[in-house]
Amino acid sequence: MKSENKRSVLVGIFILVGILLFVGGVLTLGGKQKRFVKTITLTAIFDNIGGLQTGSNIWYSGVKIGTVKKIKFTGNSQVEVTLNIEEESQKFIGRDSKARLSSDGLIGNKIIEIYNGNPRNGIVEDGDQLHVEKALSTEDMMKTLQENNKNLLGITSDFKLLSLKIKRGEGTIGAFLSDSLLAEHFKSIVSNLQMASTNTNNVTQQVSKFASKLNNKSGLANQLLTDTAVFRNLKTSVAELHKATTSAALLSENLKNVSNRLDDKNNAIGVLLNDPEAAATLKGTLGNLETSTKKLDENMEALQHNFLLRGFFKKKAKQQLKDSLAVSQK
Amino acid sequence: MSSPNGNLNPKTRKYFISRRVDSIFISLHDVYQFIIRFFKEAALPPYELKELSRQCYEVGYRSLPLISLTGFITGFVFTNQSRPSLSEFGATSWLPSLISIAVVRALAPLVTALIAAGKVGSNMGAELGSMKVTEQIDAMEVSATNPFKFLVVTRVMATTFMIPLLVVYTAMVGLLGSYLSVHANEQTSWPAFFTQVFESISFLDLFSTMIKSTIFGFTIGLVGCYQGYNSSKGTEGVGRAANSAVVAAMFLIFIEEIIIVQIVNAIRIA
């Protein structure tokens with residue numbers, strides 16, 4: 001009885017685990033295929049779907065957002081493809097999005113790619129039809145490739161001709177390769193170039209030295225470039241200088257005014273400088289003054305000899321003599 | 001006009017067409033009767049649940065180690081053998097998809113059914129055959145136990161229920177073996193492998209596999225029991241019953257596989 005119980009339990013566990021695995025598989029599959037996700041339906045009309053199948057994937061920006069639901073003929077032998085798109089992705093797909101046929105990998109399955117939409121221009125709604133752009137088919141690619149091949153052939157045959165000419169020494173390159181004189185010239189050009197490069201090297205070394213000096217911390221240039229205090233001082237100095245030049249300008253303006261006024265006759269100095277009449281009068285006055293002073297001198301002389309004042313003058317002469325003696329003794 | 005039985009009178013002649021052709025049709029009729037009887041007995045009470053549980057244990061649980069090992073090796077080897085042809089295109093990254101489709105659609109049910117036919121089918125044929133030979137079945141009838149219900153119905157039901165479960169295990173273990181190989185050679189991570197596996201199969205694959213394995217299970221049980229239950233007398237009959245249980249079951253499994261694949265592909269395209 002005990003072993004029978006154990007057997008039943010084992011069978012139960014076996015069945016349960018098996019069913020769990022199966023259900024897990026179903027749910028995972030449903031999750032991967034978005035079977036249990038809310039979807040919206042869009043349509044697109046293609047001229048040629050190139051073997052697209054029901055259930056093929058739909059990509060938007062490289063992300064799988066749905067599957068192809070239905071494929072049917074419509075109108076003028078065109079194909080209408082119904083797309084199941086996850087409702088979650090709806091808000092990212094603009095109304096102006098386009099659909100095109102593509103494949104995941106070079107030889108991969110056919111897929112539909114939705115691209116180029118801007119959700120700001122409104123998002124797609126259930127039942128909308130997407131614009132379709134013709135995708136490059138393998139034949140188109142082959143066509144282009146064939147064109148490329150032809151071009152390549154042309155290019156290589158041109159090159160063949162060119163190399164033949166070069167070999168024969170025709171043209172500049174041919175001459176260059178075969179002419180020994182040209183080679184000599186070239187050699188000298190190269191040696192000159194070498195010299196020039198040596199010189200340039202020297203110059204750059206010097207420049208580098210100069211630059212390192214400039215970089216020297218105590219140098220003015222460096223301070224100018226790095227020390228903010230110096231710069232500030234310089235700035236204030238310049239400001240001061242600016243002030244000084246402003247006042248100098250003011251001064252010169254004043255001076256100009258003064259000289260202008262000197263040229264004028266309506267002031268005293270102007271008259272003195274410019275009026276010949278006044279000058280003559282002044283001259284006369286001065287002559288009169290000279291004669292008056294001469295006469296005054298005579299009067300004074302006469303006064304010295306006057307008895308009333310003679311004593312004073314004698315006393316003064318004595319005092320002067322005394323002073324001069326003291327000076328000479330010293 | 002002469003006939004093989006030498007008698008033109010339909011009322012008195014011994015065989016309808018010929019002995020061999022007649023025996024084929026007779027055995028077909030017997031099988032038909034057997035199946036009808038199975039469904040009738042399975043539907044009507046009393047139900048032999050304890051015996052059913054024992055048979056489930058024998059068929060399901062006891063076969064698990066063998067089936068798991070076979071499934072693992074199948075997945076591993078199939079991956080290794082498929083790699084060279086895919087690497088010619090530089091498409092080894094598609095190995096998980098390939099393996100997933102191969103294992104889920106075909107390998108898991110087939111391998112499981114064939115192994116079970118060998119292990120369980122032959123066991124049933126031999127067991128019931130020897131019971132028949134030693135007249136245990138007749139004894140059961142005498143003792144008021146319905147031998148068909150007790151022996152046949154429980155066994156056929158056990159295989160019908162257990163083979164699909166074993167297929168699930170085999171598929172899982174096979175994919176695990178495949179993952180080990182893919183991981184060792186292509187450094188594919190488990191999530192990437194897992195995603196690719198489930199991207200390449202569909203619900204149709206899953207359900208067709210389940211239905212297929214149920215039919216396989218039913219076939220294995222039915223053939224095993226039929227051969228055992230109807231085995232001829234003697235020890236030779238037991239051996240023949242066991243042998244023909246396996247051979248007929250395997251043959252029928254392949255026939256069913258072809259038919260089911262055709263039907264599923266028709267549904268897939270539609």
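Where a number appears in this text, it was derived from the coordinates with a stated rule and is not lab data. Everything numeric here is computed off the predicted structure, so don't read it as measured data. Here Cβ is always computed from backbone atoms with ideal geometry, including for glycine, and neighbour counts include all displayed protein chains.
Residues B:SER23, A:SER3 in ascending order of nearby Cβ atoms (within 10 Å, fewest first): A:SER3, B:SER23. Spacing of the modelled spin labels on A:LEU16 and A:ALA239, each 7 Å from Cα toward Cβ, amounts to 9.0 nm. Running Debye on the protein assembly as shown with equal point scatterers at the Cα sites and no solvent, what base-10 log of I(q)/I(0) appears at q = 0.06, 0.08, 0.13 Å⁻¹? So the normalised log intensities work out to -0.69, -0.90, -1.33.
How would the range A:34-140 be classified by its alpha-carbon gyration tensor: rounded, prolate or oblate, with rounded meaning a/c under 1.5 and the a/b versus b/c comparison settling the rest? The shape class here is rounded. Averaged over the residues of peptide B:84-92, the number of Cβ atoms from other protein chains lying within 10 Å of each residue's Cβ is 1. A simple rule links phi to the HN-Hα coupling: the Karplus curve 6.51 cos²θ - 1.76 cosθ + 1.60 with θ = phi - 60°, which for the range B:179-196 gives 4, 4, 5, 5, 5, 5, 9, 10, 6, 6, 7, 4, x, 5, 4, 4, 4, 5 Hz, with x for Gly and Pro. Phi-derived couplings, Karplus 6.51 cos²θ - 1.76 cosθ + 1.60 at θ = phi - 60°, listed residue by residue for the range A:108-118: x, 5, 6, 9, 10, 10, 9, 8, 6, x, 10 Hz, with x used for Gly and Pro. Under the shape rule built on the C-alpha gyration tensor, where the axes satisfy a ≥ b ≥ c, the range B:168-219 is oblate, since a/c reaches at least 1.5 while a/b does not exceed b/c. For the residue pairs A:LYS6/B:LYS40; A:LYS72/A:LYS143; A:LYS32/A:LYS134; A:LYS69/B:LYS212; A:LYS72/A:LYS134, alpha carbon separations beyond 24 Å are given by A:LYS6/B:LYS40; A:LYS72/A:LYS143; A:LYS32/A:LYS134; A:LYS69/B:LYS212. Per-residue Karplus couplings for the range B:252-261, computed as 6.51 cos²θ - 1.76 cosθ + 1.60 with θ equal to phi - 60°, are listed in order as 5, 4, 5, 4, 5, 4, 4, 5, 5, 4 Hz, Gly and Pro entered as x.
For A:GLY55, the amide hydrogen comes within under 5 Å of the amide hydrogens of A:VAL68, A:LYS69, counting only partners 5 or more places away or on other chains and with H modelled in the peptide plane. Exposure proxy for B:TYR61, B:TYR179: other Cβ atoms within 10 Å of each Cβ, ordered fewest to most, give B:TYR61, B:TYR179. Report the normalised scattering of the range B:20-108 as log10 I(q)/I(0) at q = 0.15 Å⁻¹, calculated by the Debye formula with identical scatterers on the alpha carbons. Here the Debye-derived log intensity ratios amount to -0.81.
On a 0 to 90 degree scale, rounded to 10, what angle separates helix A:307-329 from the longest Cα axis of chain A? Roughly 60 degrees between the two axes. With Cα atoms as the point set, the range B:51-203 shows a radius of gyration and Dmax of 20.3, 70 Å. Summarising the amide proton neighbourhood of A:THR39: residues at separation of 5 or more, or on other chains, whose placed amide H is nearer than 5 Å comprise A:GLU87. Overall shape: oblate for the range A:151-215, with the ratio a/c of the largest to smallest alpha carbon gyration tensor axis at 1.5 or above and b/c at least equal to a/b. Cα centroids of the range A:270-330 and the range A:47-90: 133 Å apart. Our estimate of slack between A:LYS318 and A:VAL258, defined as 0.36 nm per intervening residue step minus the Cα-Cα distance, is 16.3 nm. How far apart, in nm, are two points set 7 Å out from the Cα along the Cα-to-Cβ line at A:GLU87 and at A:ALA248? Placing both labels 7 Å along Cα→Cβ, they lie 8.6 nm apart. Taking Cα atoms only, the orientation of helix B:122-133 departs from the longest principal axis of chain B by about 10 degrees. Taking only Cα atoms, what is the 0 to 90° angle, nearest 10, from helix A:2-32's long axis to the longest principal axis of chain A? Here the helix axis deviates by roughly 50 degrees.
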